[in-house]
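Visitor: Before we start, here is the structure in question, set down as structure tokens.
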Amino acid sequence: MGITLAIFLGFVQGITEFLPVSSSGHLILAQELFSAPQDMMLFNIILHVATLLAVLVVFHKRIWQLVRKPFQKANYCLLLATVITVTFVLLFKDWIDGMFGASVLSVTFMITAVVLVIASFLQDDNRSSKFSPLYRNNGHPTYYSSFFTGLAQGLAVIPGFSRSGFTISAGLATGVSKEKAAEFSFLMSIPIIIAALVYELVSSPIPSNISPAPVIVGFIVALVSGIFAIKFMLHIVKRVKLYWFSLYLIVLSIITLIVL
């Protein structure tokens with residue numbers, strides 16, 4: 001794999017991991033279109049480490065608050081969401097594994113677009129409160145919202161389903177405010193990315209004949225673009241409806257259907 005492809009894939013991973021457009025779907029699509037090497041497991045792991053580090057950089061103050069006071073509701077909500085996600089993935093692992101591939105991307109991109117349109121309706125706090133008046137808790141995540149957000153994150157393991165899009169939408173649908181839904185979505189990515197990395201390292205052999213230069217460059221690009229994407233998403237979720245991303249996904253779904 002060359003430096004140019006590493007830069008491109010690093011940028012794709014960093015941006016799409018946190019925008020509601022599906023990083024896994026974009027990586028599969030990019031690797032198909034540019035005929036990337038078949039054995040990309042190690043490189044993909046490195047890119048996910050970079051996006052994990054991006055979350056730690058942007059939310060270091062919030063994470064430190066959670067670490068200093070571990071016995072608080074916010075941590076319990078994150079734990080609940082993570083347990084629900086892991087349980088869902090383990091229960092439906094065989095079915096999910098069968099969904100990995102370019103053939104499903106056109107459909108899953110379109111489904112994500114529909115979810116974002118619905119989320120745009122719920123993005124107005126007053127409207128979302130009508131769907132869950134008993135669970136708003138002043139817009140903060142609750143155990144109720146964390147349960148469904150965890151389910152959404154588990155479902156988003158399927159390529160083309162956006163993790164951030166699904167989890168933010170689940171938060172909005174269960175009465176969480178726009179800002180808190182986005183923050184919770186990014187924070188809950190930390191344990192699940194770590195779990196996914198451990199699983200990949202344990203279950204798959206790591207190739208030894210990979211050039212370090214593309215890996216290092218891809219890591220840096222994914223880290224920088226990931227930090228930008230998080231800050232951009234935190235800014236835009238307050239001001240712009242999510243359906244603008246759905247327009248992009250509809251076009252991408254059509255292109256994917258034609259090209260693949």
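The values are calculated or read from the model by the stated rules, or taken from the named source; none is laboratory data. For clarity, every value in this text was computed on a predicted model and none was experimentally measured. Because the Cβ atoms are built from the backbone with ideal geometry, glycine has one as well, and the counts that use them run over all protein chains shown. Heads up: the accessible areas ignore ligands, DNA and RNA and are worked out on the full protein's heavy atoms, side chains in. Shrake-Rupley method; radii C 1.70, N 1.55, O 1.52, S 1.80 Å.
Visitor: Give the stretch 122-181 a look and list any residue that's under 21 Å from the mean Cα position of the chain (by Cα), at positive phi and at pLDDT below 90, or say none.
Guide: Gly175
Visitor: Out of (1) touching a His at 6+ places or on another chain (Cβ under 6 Å); (2) over 25 Å from Ile230 (Cα atoms); (3) not basic (Lys, Arg), the odd one out for Ala36 is which?
Guide: Just one mismatch for Ala36, condition (1).
Visitor: Another question about this same structure. Go over the candidates Lys241, Lys231 one by one and state the one that is assigned to a loop (DSSP other than H, G, I, E, B) and open to solvent by 40 Å² or more (accessible area, probe 1.4 Å).
Guide: Lys241
Visitor: So, in the stretch 42-73, how many residues would count as being part of a helix (DSSP H, G or I) and open to solvent by less than 30 Å² (accessible area, probe 1.4 Å)?
Guide: The number of residues fulfilling the criteria is 9.
Visitor: Related question: Is one or more of the residues making up the stretch 52-65 free of Cβ contacts under 8 Å to residues at least 12 places away in the same chain and aromatic (Phe, Trp, Tyr)?
Guide: Yes.
Visitor: Return the total of residues in the stretch 28-43 being touching a residue at least 60 places away in the same chain (Cβ under 8 Å) and under 20 Å from Asp97 (Cα atoms).
Guide: 7
Visitor: Check off (1) surrounded by 14 or more Cβ atoms within 10 Å (Cβ to Cβ); (2) in a helix (DSSP H, G or I) for Met1 and give me the number that stays unchecked.
Guide: (2)
Visitor: Taking the options Ser164, Ser225, Ser253, Ser189, name whichever one is closer than 19 Å to Leu27 by Cβ, open to solvent by less than 50 Å² (accessible area, probe 1.4 Å) and in contact with a Pro (Cβ under 7 Å, 6 or more places away or on another chain).
Guide: It is Ser164.
Visitor: When only residues in the stretch 209-222 that are free of Cβ contacts under 8 Å to residues at least 60 places away in the same chain and in a helix (DSSP H, G or I) count, which is surrounded by the fewest Cβ atoms within 10 Å (Cβ to Cβ)?
Guide: Pro212
Visitor: From the list Leu197, Leu201, pick out the single residue that is under 26 Å from Gly2 (Cα atoms) and open to solvent by 80 Å² or more (accessible area, probe 1.4 Å).
Guide: Of the residues listed, the single one that is under 26 Å from Gly2 (Cα atoms) and open to solvent by 80 Å² or more (accessible area, probe 1.4 Å) is Leu201.
Visitor: Related question: For the stretch 93-106: of the residues being surrounded by fewer than 18 Cβ atoms within 10 Å (Cβ to Cβ) and either free of Cβ contacts under 8 Å to residues at least 24 places away in the same chain or touching a helix residue (DSSP H, G or I) at 6+ places or on another chain (Cβ under 6 Å) (or both), which is nearest to Ala229 (Cα to Cα)?
Guide: Ala102
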